[in-house]
Structure formats: structure tokens, C-alpha cells
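Below is one structure, written out as C-alpha cells, with a few remarks after it.
The values are calculated or read from the model by the stated rules, or taken from the named source; none is laboratory data. Keep in mind it's a predicted model, so treat the numbers as computed, not measured. All Cβ positions, glycine included, derive from the backbone under ideal geometry; neighbour counts span all protein chains shown.
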Amino acid sequence: MNKIIITFFLLCFSSFAIAQVLEPQKQKLKTKEGFGVKNDSLKRGSTKSTSNKGIKNKDVKITDYLIVSHLRDTTYVDTTQSVIKEYKYNYLRKDNFELMPFSNLGQTYNTLSYNTEDSSLMPEFGARARHFNYMEIEDINYYHVPTPLTELFYKSAFEQGQLLDAFFTTNISKQVNLSVAYKGLRSLGKYQHLLTSTGNFRSTVSYKTKNKRYIANAHFVSQDLLNQENGGLKDSNVEFFVSGDDEFRDRGVLEVNFEDAENILRGKRFYLNHSYGILTKKDSISSNELNVTHVMSLKDKSYMYEQSRENDFFGASYRNTNLRDRVTLEEFSNQLQLNYSNSILGEVQLNASHTNYNYGYNKLVILNQNTITNRLKGDIIAVGGKYKKQIGGFLLNGDLGVNVSGDFNGNYITVNAGYKLNNDISISAQINNNSKAPNYNAQLYQSDYINYNWQNQFKNIKTQQLSFNVRSKKILNVSLDLSTINDHLYFAKNDTDNLVKPFQSDKSITYLRVKANKEIKFRNFALNNTVMYQNVKDENEVFNVPQVITRNTLYYANHVFKKAMYLQTGVTFNYFTKYKMNAYDPLLAEFYVQNEQELGGYPRLDFFVNAKVRQTRIFLKAEHFNSAWTGYDFFSAPNNPYRDFTVRFGVVWNFFL
């Protein structure tokens, strides 16, 4: 691993050194619709806006502060206040409409809806319940700013804790941008032994030559996500919680299954994406562009579960004290792309990639006279391609990939077609087909607990999804997707010993989702509605989701104090129908299927007051204020209650120097 890291830095250094002598090319920037642009009050190139008040350099516009995704789609910084910002003001900093949070900030989320679209060829690491706040390659952005930019995000947590996300970026020249950021959380929680402590450090560097022929984006990310685990409330204490008795309003008095365990997910990643233009457009008449791109990624992950004493919650164990399970994954991948663009033909990409993986443990396990290996190691070679063509209002996209060598078979194909009917209405349709190996932890797992040791040869999981989308601000936003899942992999309790293991379904699953969103405005009042309907046909009952999920926000918004402040206040109603909600296994950090208990069917009401003063956004929320008078039957998973009524506040503050 050390040799790989050294090689990575040498390649980065040589790339930037060579870049100094490369020749001109006009960089083509794409605009990603909906990424901070649609909700911004500014039009590109505008200089008359209150959003410019926080910028000290009056010659600079807010639209000059560019954000570039890993796919090089470009938008700009958005400092406006809207109900969408209210939905994203949370630990993940994403809209969590389809997620059900646990009681403490930084814990996991139960998933209420699944998007089966997949364009990956490799299995995932596992411990998926710890990955909601794990920042992947697509979560890292790059920047180009005329002056230094800082953003501070703060939100109060639960009992002796705070959440802070601090970000800074600057261009040291027109060609070089640097950024650094850190998101840290510590929250004690309301229940016994439920401390969360997480950190996400990320830094980026972007470079392009003056002639823009050579472009490079690189990042380094280091993350550690620690959670104390208590196994949820004891069965006998669930009744005390549901009763609503004043004696148990102090949640710390409720007994949990254990108070001596914790798990932690750690990860580091180096990433480099750089390209060189071989053929460039000399002028507006030229129609050919050709560039070669190299994408390199080095990932190092580990997951560890520790417990002071063995507990019957997980069955028998090999040792009585100091139990410790640790698994690692090292993955080094390189992809070479050849990108050709022609005004008649469109955009074409051919790519080839190599991935070296090393997953496993530092010991062998012999169970029932069978030896469980300690490592899954190998090399995967894959090839693929992409195509894109715009013809008037019609846009066609295609993407495919296939593993051609190695122990893991895999392939995917995605075809998307879109058409813009007018300035308001656009429609699109997509088909996605994917086949890939199950996650590593389903194939191989070792533990000090006897039941949690296995080595499996599962079939590839196969998904097909057909989706349609209609977007219209004036009418309605609607999305529909129909999925078929074969050889679905899931965790569940074994019938023989009632302990959790991985299984594979032998029946096909059909899954339908319809989601609609519409905001209705009347003067300074608005009603924002999002509703999702889901239907599953599954003979084995191993794919459980609620039939209906809804979120409705009624709010008032207006400028006050002679337009010095923009005020937004209202109530949000969240609800999902009862269903057989997945249970949580803290040793695996995975959710597993249970069909004994139906949960859900309770409302969650939040009252909020948000304000924007210059470049500062202030958030105040009374969360779940109805908890005391609608019944104490609110759970995030079996034996894991949701949050009681609490008041939280915070700010997002942008500095433009």
C-alpha cells in the first residue's frame, strides 16, 4: 500500500509538471440543471442583486464562484433561502425524504425507498448502515473562485454535542484552485450508550494550463465514523416507552441490550482526474475535439466492531471478553478514456479500466471442519463506452460497461432520452440494466461471534429499471420507475438459531415507485407537497417498503425590516404508512429483513423559523413537536425509537473576501 501511495504522488507531481508546457484549448463547461441554479435569484451575468451584498469586490458577481462536479458539470454558489434549503439543512446536507433517521444525530437511517439504478461493476465494501455520511467520489466538488470563499455550517446536536462543517477555497492563480473542508460531529444522545463522533476531512486541488488544454482535478479524503452501539431497547422496556409514562420520559432510564460496544468505519481516498486535449476547436467553424483522460483512485477502508464482553444478543462467541472484529479493503483503480466530439456525430467515449482489490482479515477461521479463507484478492479488467447527442430539444445519452477479466462478473447499460417541449415542460425516459457481485461482507465475513462467520458463493444480483420523468414548474414534477430484481441479496434471521445471516432470494421481485412534487403559492404563502407511492410484488416478502410516503410543508415567506431580512416560517408534516420495517444489526452495521412487526403510521410535525440576513442563513426548528399528544409508537427500526420533541438551531454563513 505504501508503494502505491508513493506512486500516486509521483504521478500527480509529474502530471502538474508536464502541464506547464502544454498548448491552448478552449475548455468546454457544462451546466448541471438544478444544482443550485434553479433556486438562485440571480441570472448568469447579473450584477444587480442582494446576493452580491456580502461580496467586498464590487466587480465580482456571485455567478463567478464556480462549482465543478467530478463529471465536470459546472454551476455556481447559491446563497438564497428556500424550502429546499430547509429540507437539506441536516446532518447529511441532503434531502432525506426517503430516509428515516435514528434518535441520535450521526447514527444510521432506515431506508424507506430504493433506487435500483446502478452503473457500477464492483461489489461494495459492506457495513452499508455506516455509509450514509461516507463521502464518495461523486460527493466531492472542485471550485474556481475570483476571491477566497468560506462557508461555515453549524447545527446543535443532542446532549453535549455540536455539528460543524467548515469549508474554505481560494484560487492562488487563475489556473490553480485549492479547497479544504472538515465536517465534525459529537453528540451524546438521549439513550444510554449512544455517543456518535464523526469526522469528514476533504481537500481538493484543481489545475488548468493558461491555454486550457490540460486540466486536472484531484482530492484527498479522510473519514472516521464512530458510533457507540446499545442494540436498541430491551423487549421488556419497549412497553415502558410506548406507555408514555412520566417515569420514563427521561430516556436514560430505559434499559438497552448492552452498553459496552462500538463500531467505526474509517476510510482514506486519493483521486486524480486529468485530461489532455489532442485536437481542439480552433474557432467556431471547427467541429472536432479529441482528448485523452486518465482517472485514478486509491481507496483504503476498514470497519471494526468492538465489545467488552460477549452478549447473547449475537449468540455464542469464541471468547468471553475483548471481542474485536476488523475487516479492511484496499482498492486501486485506473481508467483510461478516449473522448471524441463532433458537431454531427455527437460525443463519444471509449474507456478501459483496471482494478486491484484486496478485502479481508488477518486470520483463518475453521468452523464445522470447514476453513473460511481470510482474503478476497484479485484484478478486474473492464471496458466501456459513452455516447451523447443533442438534436434541437432532443437529448440522447448512453453508457455501458462490462468486466472482461477477473473473478467478478459484471455488466451494465443505461440509455436515456429526453425532450424539452417548451421553456417549462421537459420529459425523459431511461432504461438501466445491471448485473454485479454481492457486497464483500455477504461473500466473506469473520467475527469473534461464531454465527457471524461465513464464506458464500452467491449469484450476481440482477436489476432492470425503466423510468419516466416529467418536469414542470407550472404543472407538476412526476417520476415513475418500474424495477425487476433477480437474485436479491438480503440479511435476515436464520430459522434454526434466530441469528442474522446473508441470504439470496430465488424469486423475482417487481418494484414500482411513483413520486410527485408540486408547490402551490398564494401571495406570501406556499404549500410544498411531495408524495410517493410504492408497490412491491415479492413472494418471499424480503423487500419491504411503505406503500405511501408524504411530506407537506405549509409556510409563509417575505422580506421584513425594510428588506434587510428574508423570513420563512411554517410547519412540515411527515408520514409513511405502516409496514414491516427492517431491523438493525449493530455488529454488521447492516439492516436485515423482519416480518413479525409492523411499524410506522405515525405523523411527525416540525415547526421552523428560518431567516436570511445578507449571506447568513439562520435556522430554528421545533422537531416532532407532536410527540407528546399523538402517541409514543414512533420507531426508526424495531426496538429503536425515533426522537422526542426537541428544539434545535443553527446557521450557514458565507464569507466572500
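So that you can scan it fast, the table gives a plain yes or no per residue for (1) in contact (Cβ under 8 Å) with a residue 40 or more places away in the chain; (2) of a type in the set (Lys, Arg); (3) on the phi < 0 side of the Ramachandran plot:
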| residue | (1), (2), (3) |
| --- | --- |
| Ser472 | yes, no, yes |
| Asn486 | no, no, yes |
| Lys518 | yes, yes, yes |
| Asn540 | no, no, yes |
| Met565 | yes, no, yes |
Would you be able to tell me the number of residues in the range 359-382 that are at pLDDT 95 or above, of a type outside the set (Ser, Thr, Tyr) and surrounded by 15 or more Cβ atoms within 10 Å (Cβ to Cβ)? 4
Test Tyr359 against the criterion of being part of a strand (DSSP E or B), over 30 Å from Lys518 (Cα atoms) and either out of contact with any helix residue (DSSP H, G or I) (no Cβ under 9 Å at 6 or more places or on another chain) or not β-branched (Val, Ile, Thr) (or both), and give yes or no. yes
Conditions (1) farther than 19 Å from Met532 by Cβ; (2) of a type in the set (Asp, Glu); (3) part of a strand (DSSP E or B): number failed by Glu596: (3)
Restricting attention to the range 401-410, does a residue exist that is within 18 Å of Leu336 (Cα to Cα) and of a type in the set (S, T, N, Q)? yes
Scan the range 306-322 for residues that are touching a helix residue (DSSP H, G or I) at 6+ places or on another chain (Cβ under 9 Å) and either at negative phi or surrounded by 19 or more Cβ atoms within 10 Å (Cβ to Cβ) (or both) and report the count. 5
Are there strands (runs of 3 or more DSSP E) fully within the range 156-247 with at least 1 residues that are out of contact with any strand residue (DSSP E or B) (no Cβ under 8 Å at 6 or more places or on another chain), buried (at least 17 other Cβ atoms within 10 Å of the Cβ) and not β-branched (Val, Ile, Thr)? List them. none
Inspect all residues belonging to the range 553-568 and state whether any of them is under 30 Å from Val500 (Cβ atoms) and of a type in the set (Phe, Trp, Tyr). no
Could you list, in sequence order, the residues of the range 579-593 that are in a loop (DSSP other than H, G, I, E, B) and either surrounded by fewer than 21 Cβ atoms within 10 Å (Cβ to Cβ) or free of Cβ contacts under 8 Å to residues at least 12 places away in the same chain (or both)? Lys580
So Val221 passes all but one of these: (1) at pLDDT 95 or above; (2) more than 24 Å from the chain's Cα centre (by Cα); (3) on the phi < 0 side of the Ramachandran plot. Which condition number does it fail? (2)
Which of the residues that make up the range 512-550 are closer than 18 Å to Leu489 by Cβ and either touching a Lys or Arg at 6+ places or on another chain (Cβ under 8 Å) or modelled with pLDDT under 95 (or both)? Asp538, Glu539, Asn540, Glu541, Asn544
It is to be established whether one or more residues within the range 398-407 are of a type in the set (A, V, I, L, M), farther than 17 Å from Gln465 by Cα and modelled with pLDDT of 95 or more. yes
Filter the range 424-445 for residues that are buried (at least 20 other Cβ atoms within 10 Å of the Cβ) and among the hydroxyl-bearing types (Ser, Thr, Tyr); the one that is farthest from His131 (Cα to Cα) is Ser435
Restricting the range 606-657 to residues that are of a type in the set (Phe, Trp, Tyr) and in a strand (DSSP E or B), the residue that is farthest from Asn558 (Cα to Cα): Phe635
Looking at the range 133-149, can you tell me whether even one residue there is of a type in the set (S, T, N, Q), surrounded by 18 or more Cβ atoms within 10 Å (Cβ to Cβ) and in a loop (DSSP other than H, G, I, E, B)? yes
I want to confirm something. Restricting to the range 383-395 and keeping residues that are surrounded by 15 or more Cβ atoms within 10 Å (Cβ to Cβ) and touching a residue at least 40 places away in the same chain (Cβ under 8 Å), which single residue is farthest from Arg326 (Cα to Cα)? Lys389
Search the range 310-356 for residues being part of a strand (DSSP E or B) and of a type in the set (Lys, Arg), and hand back the single one that is nearest to Ile450 (Cα to Cα). Arg324
Taking the stated definitions as given, is Gln455 of a type outside the set (A, V, I, L, M), crowded, with 19+ Cβ neighbours inside 10 Å and either closer than 30 Å to Tyr361 by Cα or modelled with pLDDT under 95 (or both)? no
Selection over the range 383-393 where residues are at pLDDT 95 or above and either of a type in the set (Phe, Trp, Tyr) or not in a strand (DSSP E or B) (or both) yields a count of 1
In the range 497-554, what residues are of a type in the set (A, V, I, L, M), closer than 30 Å to Tyr449 by Cα and touching a helix residue (DSSP H, G or I) at 6+ places or on another chain (Cβ under 9 Å)? Leu499, Val500
Residue check, Asn574 against (1) buried (at least 20 other Cβ atoms within 10 Å of the Cβ); (2) part of a strand (DSSP E or B); (3) in contact with a Ser or Thr (Cβ under 8 Å, 6 or more places away or on another chain), all met but one. Which one? (1)
One residue is enough: does the range 635-645 have a residue meeting the conditions free of Cβ contacts under 8 Å to residues at least 24 places away in the same chain, in contact with a Ser or Thr (Cβ under 6 Å, 6 or more places away or on another chain) and not β-branched (Val, Ile, Thr)? yes
